[in-house]
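Student: Pasting a structure here, questions to come.
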Amino acid sequence: MFECIIKYFKRNKKTSIVEETNPMKKFLIVGLGNIGGEYANTRHNIGFKILDYFAKKEELTFETQKLGDIATYKIKGRTFIFLKPNTYMNLSGKAILYWLTKEKIPLENLLVITDDLNLPFGSIRVKMKGSDGGHNGLKDTQEKLNTTKYNRFRFGISDAFSKGRQVDYVLGEWTDDENSQLEERLDKSIELIKSFGLAGINNTMNSFNGK
């Protein structure tokens, strides 16, 4: 009888370990941005800002590790690994590939958060593939992953700049009007990230695109 009990617990212990390390339940959420205080509140750093806001809400702590700052969030059996690459924007793919490989996370469980000039301020668009759209962070990600088929969460920053001022605009800080609307958009972004891991990419696109 005792032998049966021991076998039962051994069997369940193995099952528990498998569940904890199941790669399909791990997600890499990457916020793109540039390191340094001078970039902290710029439009180009919305990826960092969203993850920082999520961490503050959930009382998570980022730790500097190889190629970026890392925080871990667990909910309903899922593990979210948040990454803010410290490689600067144009080498983001190096950090993404490293952490995907290190954590054995499948490509379909990757979500890259980036700014988008082609969307109105605060609007959201989630896609499963696409071009880099001239975005250096996405360009390097595409090159390092050798595919355009990876999930990305584009946050609209609008194109309200005059000719020849794109760089200044992207690396410029949010206006007072934008800042007043930003918190609600950040809350929506947190909901989106949770949905990605809990409900899947298709449901997330249906629920959040254009919202």
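Student: Suppose we filter the range 142-182 for residues that are in contact (Cβ under 8 Å) with a residue 60 or more places away in the chain, of a type outside the set (S, T, N, Q) and assigned to a helix (DSSP H, G or I); how many remain?
Tutor: Going through the range 142-182 one residue at a time, the tally reaches 3.
Student: Something else now. Does I124 satisfy the criteria of being among the hydrophobic types (A, V, I, L, M, F, W, C) and within 17 Å of P85 (Cα to Cα)?
Tutor: So I124 fails the test.
Student: Hey, among T175, T141, which residue is more than 14 Å from R43 (Cα to Cα) and either of a type in the set (S, T, N, Q) or touching a His at 6+ places or on another chain (Cβ under 7 Å) (or both)?
Tutor: T141
Student: Quick one: in the range 87-110, of everything that is of a type in the set (K, R) and assigned to a helix (DSSP H, G or I), which residue is surrounded by the fewest Cβ atoms within 10 Å (Cβ to Cβ)?
Tutor: My answer is K102.
Student: On to the next question. Among N45, N118, which is assigned to a loop (DSSP other than H, G, I, E, B) and either modelled with pLDDT of 95 or more or not aliphatic (A, V, I, L, M) (or both)?
Tutor: N118
Student: Something else: Could you grab the pairs with beta carbons closer than 9 Å, sequence gap of 6+ or different chains, first residue in the range 186-203 and modelled with pLDDT of 95 or more, second one exposed (fewer than 15 other Cβ atoms within 10 Å of the Cβ) and hydrophobic (A, V, I, L, M, F, W, C)?
Tutor: K194/I75; G197/I75; L198/I75; I201/M128; N202/M128
Student: T61 - would you say it is among the polar types (S, T, N, Q), within 24 Å of F155 (Cα to Cα), modelled with pLDDT under 95 and touching a helix residue (DSSP H, G or I) at 6+ places or on another chain (Cβ under 8 Å)?
Tutor: So T61 does not fit the description; no.
Student: Here is a follow-up. Only one of Q181, Q166 is over 18 Å from the mean Cα position of the chain (by Cα), more than 26 Å from A55 (Cβ to Cβ) and surrounded by fewer than 16 Cβ atoms within 10 Å (Cβ to Cβ); which?
Tutor: Q166
Student: Turning to a different aspect of this structure: Across the range 111-135, which residue is surrounded by the most Cβ atoms within 10 Å (Cβ to Cβ) among those that are within 15 Å of N45 (Cβ to Cβ) and under 16 Å from the mean Cα position of the chain (by Cα)?
Tutor: I113
The values are calculated or read from the model by the stated rules, or taken from the named source; none is laboratory data. Keep in mind that what you see is a predicted model, and the values were worked out from it rather than measured. For neighbour counting, all protein chains shown are included, and Cβ atoms are generated from backbone atoms with ideal geometry for every residue, glycine included.
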